[in-house]
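The values are calculated or read from the model by the stated rules, or taken from the named source; none is laboratory data. Every value quoted in this text rests on a predicted model; they were computed, and no experiment measured them. The area values use the complete protein model at the heavy-atom level, side chains included, leaving out ligands, DNA and RNA. Shrake-Rupley method; radii C 1.70, N 1.55, O 1.52, S 1.80 Å.
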Amino acid sequence: MYFEGIITIDPSQITKINYVKPTKAFRKFLHSITLGSVSDKEERETFTAVAILQQINACFRNIGVTNVIKISHDEIDFYHDKEGKENDLKLALDKYEIEVNEAMSTHFSKLTLVLEHKDETFKYLFEININRDHKIGVYPIEIKVSGLLNRFAKNNPKDEIQKVVEYQEVFDLFKKQKSEEFERFLDEIKFELKRQIETDDIKIFTKTKYVLPSKTINKEGPLPKNPERGGVYGGYYGFNDYLYYNLIWSDVMHHCGSTITHSHFENENGEFLGYAEEINAQDSIFNSDLNDQESVNQTLEEDPIIVNEEPVEESSGWFDSDNWSFFDSDDSSSGCSSCSSCSSCSSCGGD
């Protein structure tokens, strides 16, 4: 079990609306036959890479987060700590500012900043993605925070997990207390973001997550990694023990038969499996030796939380009529629009 928070940020910046080639098949066809009149829209942010990173740096330093794992600019790593260095955030950002030129700072597609932090209860992993171009209605800055529990990142996590999940009352209280502590920390981040960045809106989403591995995980063997998914699965230095306790959590719960509520599930690669409002851990999907994709699909539901997705367009037809202005013509070349039958109108050549 771990907690995930997603913070989406809409900065108060002047944006430019760009028309781009549509991605859906039918709109692609319309885009082609109308010579580009039917196009999708994207917003382009006007902030520079250096400026926005400086603001985010100030935010996290003010709440005590000073350890950086990675800085990447359009998939190019400018800094990647593979040794677990302490207090290297300023060093990494200084290195980035020296190496990036003005053109790169102004013209970029995506920035990624990965940070880590540890307090008495949690080890936090922050994955900050900044998209210069994005769909209208989608916030350009997204911060994903993984809250991993220090208590279980030990040599024998199975015993510690069992102490927590063996009795329902103990487990419910533990989950409630840790969830509230995690949410308070997210609120602290939100407050500091509002101090450092002028924003139109900031939203926070939280999830309680469990891993349902498709096979029994042995700590002596290699642990699964998925750098594209990131998070605890990203293979970052110092997170193996946190990944391992999550991989065995469901099996321990299965033997104890705890009931869990409002929970999200993913496999050992971090891929989303589904959501359950309430489920008992005696269900077979918690048994790594028995669960399969079909039983998972039949048991779990779709995610009820929609995070930072493009709003659904409201339209009475297939496409917006204002994209078809090339069909419009002036009054001198048009037929009569006021009559009900052309045969009775002299201006249309009728009798």
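Some observations on this one:
- Members of K203/K225; K123/K225; K158/K178; K194/K225; K95/K209 lying beyond 27 Å, as alpha-carbon distances in this model show: K203/K225; K194/K225; K95/K209
- Cα gyration tensor, the range 74-224 - rounded (a/c under 1.5), prolate or oblate: prolate
- Unsatisfied cross-links (Cα-Cα over 32 Å) in the set K154/K207; K85/K215; K135/K176; K118/K163; K82/K154; K163/K215: K85/K215; K135/K176
- In Å², nearest 10: area of S109 left accessible to a 1.4 Å probe: 70
- Projected-area mean, the range 158-211, by convex hull of Cα positions, square nanometres: 5.0
- Distance from the alpha carbon centroid of the range 205-260 to that of the range 88-159 works out to 20 angstrom.
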